[in-house]
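Accompanying notes for the structure given below.
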Amino acid sequence: MTTQEFVPGLAGVPAAESAISYIDGAAGILEYRGYRIETLSEKSNFEEVAWLLLKGKLPTRAELEQFRTELRARRDLAAPLLTLMRALPREGHPMNALQASLAGLGMVSPKVDYRDADSSWEAILRLLAITPVLVATFERLRRGDDYLAPDPELNTAANFLWMLNGERPKPIAERTLDCALLLHAEHTMNASTFAARVVASTEADPYTMCSSAVGALFGPLHGGANERVLQALESIGGKQNVDAWFAKKRASKGKIMGFGHRVYKTKDPRAITLQRLVRELFGELGTTPIYDTALALEKAVVGALGDKGIYPNVDFFSGIVYQKLGIPTDVFTPIFAMARVTGWLTHWQDQMKHNRIFRPGQIYIGKHDQPWVPIEERG
Ligand code: ACO
């Protein structure tokens, strides 16, 4: 098939058939494998949802226990990988560190035939188990602490907080991060998932694929928006300054980070759940003044741009949650990545089932049959 119509950003152009997740952007609905995100965030947890996404059905108790045991058995970092991480520049961004260490993880992983189901499942387990460890370990190393061994009694969220802080998290902190990971696990054909699928389609290994997808997620129009939202909220300096800040931003035609979405034309359902998490956290740990700034900004932006479908997206409230958990701002996007690895790997499985290398077309708008001009005659 040849299509001659150029669609910027491939907006609305299907890149795959998929039964993994579903969005109704007008109604604000997100489903993983047919389950509403609100139901999953109320009744489930990140590890169970990871199984649901990867296997296409909810696990039995025995399957979930085995999955958890398998993840916990794979968290330790191999010595050469730790050496590589110790050598990374501490002043670099944690997303670049994650890209480099995921590539490093691939370098220390067995070279196998991924068409073999056991080998591909083993790689999936390794990536799910180790990605949060890479994020926590870089954070420890760059602030001058040493590697802290994972705690095999803890789930993914709790172990991440343990490795970051060296103490077992409060139940509210564990619950909140777990739910945030669940909300970020998968989201149809977004930029990083598309990037993952393109890399997967070349039959590159899943470590290379995840490292590439981290690069796509890093940009401020995608996952990188969450740290910029917090920077903006802090720079506004209080809810009384919101209207003036917003007016200036509009006059310069600047985008407001944490607002707008290619698919949602109403408030992102994940933002609604994150807002509930914010309220629960504040109930136990005390409020944060920038939340009032965020509410005032939401009111101003939706009041002015709501009829264009500009509403808060997932990145708008996540930073407020992570900040309350004591997580540094530039670790927000790596947390997004350690959740989204689930979606990338689920799409990898699908891509590999019916793989055809991605090779889209282009509409050539350049010249033809140019006469050759010797270098000494060029003006
Ligand atoms: N602030 C102000 N105006 C906006 C915003 C925003 N955040 N987002 C979109 N608009 C406006 C655009 O200026 C444009 O207006 P125009 O038609 O008058 O020119 C219109 O809405 C359409 O915007 P596009 O950028 O063309 O929409 P697109 O679907 O290509 O982009 C995107 C979606 C990238 C998410 C965009 O809304 C954006 O840049 N948002 C800010 C960054 C952000 O929060 N990213 C996180 C998204 S969620 C995620 O990836 C996890």
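Give the long-range amide H neighbours of residue 21: residues separated by 5 or more places, or on another chain, with amide H under 5 Å away, using H modelled in the peptide plane at 1.01 Å from N.
Amide H neighbours of residue 21: 33, 188.
Could you tell me which of the pairs 57/265; 57/170; 55/353 are separated by over 20 angstrom between their Cα atoms in the structure shown? Before the final figure, lay out the partial values.
On the way: 57/265 29 Å; 57/170 31 Å; 55/353 14 Å.
From the list (57/265; 57/170; 55/353), the Cα-Cα distance tops 20 Å for 57/265; 57/170.
What FRET efficiency would be calculated for the residue pair residue 16, residue 373, taking the C-beta separation as r and a Förster radius of 51 Å, to the nearest 0.05?
Details: r = 45 Å, r/R0 = 0.89.
E between residue 16 and residue 373, to the nearest 0.05, is 0.65.
Of all the stretches in the chain, which is the longest one without any exposed loop site, taking trypsin sites (Lys or Arg not before Pro) in a DSSP loop (any state but H, G, I, E, B) with at most 14 other Cβ atoms within 10 Å? Please list the in-between numbers first.
On the way: sites that count: 57, 90, 111, 115, 143, 253, 255, 356, 367, 378.
Between the exposed loop sites, the longest stretch runs 144-252.
Given charges of +1 on the Cβ of Lys and Arg and -1 on the Cβ of Asp and Glu, with all other atoms neutral, how large is the dipole of the chain about its Cα centre, in debye to the nearest 20? If you can, show how the numbers build up before the last one.
Numbers: 44 positive and 43 negative charges, 153 e Å.
About 740 debye.
Of 222, 368, how do they rank once you tally other Cβ atoms within 10 Å and put the fewest first? Intermediate results must be reported in sequence, preceding the final value.
Working: 222 17, 368 5.
So the ranking, lowest neighbour count to highest, is 368, 222.
I need the Debye-formula profile for the range 197-254: one equal scatterer per C-alpha, no solvent, reported as log10 I(q)/I(0) at q = 0.23, 0.24, 0.30 1/Å, two decimals.
Ignoring solvent entirely, the Cα scatterers give -0.91, -0.96, -1.11.
If contacts are Cα pairs under 8 angstrom and at least 6 residues apart, what is the relative contact order of the range 225-324 in percent?
Across the range 225-324, relative contact order equals 47 percent.
Would you list 317, 218 from fewest to most Cβ contacts within 10 Å?
On the way: 317 27, 218 21.
The order, fewest Cβ neighbours first, is 218, 317.
Evaluate the charge dipole of the range 154-249 about its Cα centre and quote only its size in Debye, nearest 20, assuming +1 on the Cβ of each Lys and Arg and -1 on the Cβ of each Asp and Glu.
360 debye
What base-10 log of the normalised intensity I(q)/I(0) is obtained for the chain from the Debye formula, alpha carbons as equal point scatterers, at q = 0.11 Å⁻¹?
The Debye formula, applied to the Cα set alone, gives -0.79.
Between rounded, prolate and oblate, where does the range 225-324 land on the alpha carbon gyration tensor, with a ≥ b ≥ c its root eigenvalues, rounded for a/c under 1.5, else prolate if a/b exceeds b/c?
Working: a/c = 1.93, a/b = 1.25, b/c = 1.54.
Taking the square roots of the gyration eigenvalues as a ≥ b ≥ c, the range 225-324 is oblate.
For 264, 311, what's the fewest-to-most ordering of other Cβ within 10 Å of each Cβ? Each step should come with its number before you reach the end.
Numbers: 264 25, 311 21.
Least crowded to most crowded, the residues run 311, 264.
Multiply the residue separation of residue 208 and residue 148 by 0.36 nm, subtract the distance between their alpha-carbon atoms, and state the gained length in nm to one decimal.
Numbers: separation 60, 0.36 × 60 = 21.60 nm, distance 2.57 nm.
So the chain would gain 19.0 nm between residue 208 and residue 148.
Tell me, in nm to one decimal, what length is gained between residue 43 and residue 244 on full extension, where the rule is 0.36 nm per residue of separation less the Cα-Cα distance?
Values: separation 201, 0.36 × 201 = 72.36 nm, distance 4.16 nm.
Length gained between residue 43 and residue 244: 68.2 nm.
Among 317, 240, 11, whose Cα projects farthest towards the positive end of the dipole of the chain, with charges put on the beta-carbon of Lys, Arg (+1) and Asp, Glu (-1)?
Highest projection toward the positive end goes to 240.
Which distance in Å, rounded to a whole number, links the C-alpha centroids of the range 53-106 and the range 332-369?
About 21 Å separates the Cα centre of the range 53-106 from the one of the range 332-369.
Bear in mind these aren't lab numbers, they're just calculated from the coordinates by the rules spelled out. Quantities reported herein were computed from a predicted structural model and do not represent experimental measurements. When we count neighbours, we look across all protein chains shown, and the Cβ atoms used for this are built from the backbone with ideal geometry, even at glycine.
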